[in-house]
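Here the structure comes first, spelled out in structure tokens, and everything after it is commentary.
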Amino acid sequence: MNYDNFLILAKESKPPAELLEIELALWYAMKNSWDMAHNIVQEIDTDSASWIHAYLHRFEGDLSNANYWYNRAGKKCSTETFQFELNNIIKSIFK
């Protein structure tokens, strides 16, 4: 799967079965389904998952928790729009 394919799938009303866990977390993040995205991503121990986790906590407004996850991801806390950051995360997953 690539970036463009993922964006097309993200328009679906239900998540496609072929998505990997991290892709599924992104799918729910794109749908603003914080709880579902968070439940999935907190079980994945990668830098990318930590970045998604940070994004979700920033979106939620919990900046101290977001900063913890940004540090785990090796990133600085984003000051970009939520859409811009989420798009960058998606691009990093689908290189």
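The values are calculated or read from the model by the stated rules, or taken from the named source; none is laboratory data. Please read these numbers as outputs of a predicted model, since none were measured by experiment. When we count neighbours, we look across all protein chains shown, and the Cβ atoms used for this are built from the backbone with ideal geometry, even at glycine. The accessibility values were calculated without ligands, DNA or RNA, using every heavy atom of the protein model including side chains. Shrake-Rupley method; radii C 1.70, N 1.55, O 1.52, S 1.80 Å.
If the condition is being modelled with pLDDT of 95 or more and under 19 Å from ASP62 (Cβ atoms), then segment 4-32 contributes ALA25, TYR28, ALA29.
Counting residues in segment 24-36 that are of a type in the set (A, V, I, L, M, F, W, C), open to solvent by 30 Å² or more (accessible area, probe 1.4 Å) and closer than 21 Å to LYS95 by Cα gives one or more. For MET1, the stated conditions do not hold, so it cannot be described as free of Cβ contacts under 8 Å to residues at least 12 places away in the same chain and open to solvent by 50 Å² or more (accessible area, probe 1.4 Å). What residue, among those in segment 43-69 that are among the polar types (S, T, N, Q) and within 11 Å of the chain's Cα centre (by Cα), is farthest from ASN88 (Cα to Cα)? The selected residue is SER50. The residue of segment 9-31 that is farthest from the chain's Cα centre (by Cα), among those that are without any contact (Cβ under 8 Å) to a residue 24 or more places away in the chain and under 16 Å from GLN83 (Cα atoms), is LYS11. Each residue in segment 38-47 was checked for being open to solvent by less than 40 Å² (accessible area, probe 1.4 Å) and either within 10 Å of ARG72 (Cα to Cα) or not in a helix (DSSP H, G or I) (or both), and 1 pass.
So if I check each of TRP69, TRP27, TRP34, which one is touching a Ser or Thr at 6+ places or on another chain (Cβ under 7 Å) and aromatic (Phe, Trp, Tyr)? The conditions single out TRP69. For segment 54-94, a residue qualifies if it is open to solvent by 70 Å² or more (accessible area, probe 1.4 Å), among the aromatic types (Phe, Trp, Tyr) and either closer than 26 Å to ASN2 by Cα or touching a Gly at 6+ places or on another chain (Cβ under 6 Å) (or both), and the qualifying residues are PHE59, PHE82, PHE84. Residues in segment 48-95 that are outside any helix (DSSP H, G or I) and either hydroxyl-bearing (Ser, Thr, Tyr) or without any contact (Cβ under 8 Å) to a residue 40 or more places away in the chain (or both): GLY61, ASP62, GLY74, LYS75, LYS76, CYS77, SER78, THR79, GLU80, THR81, LYS95.
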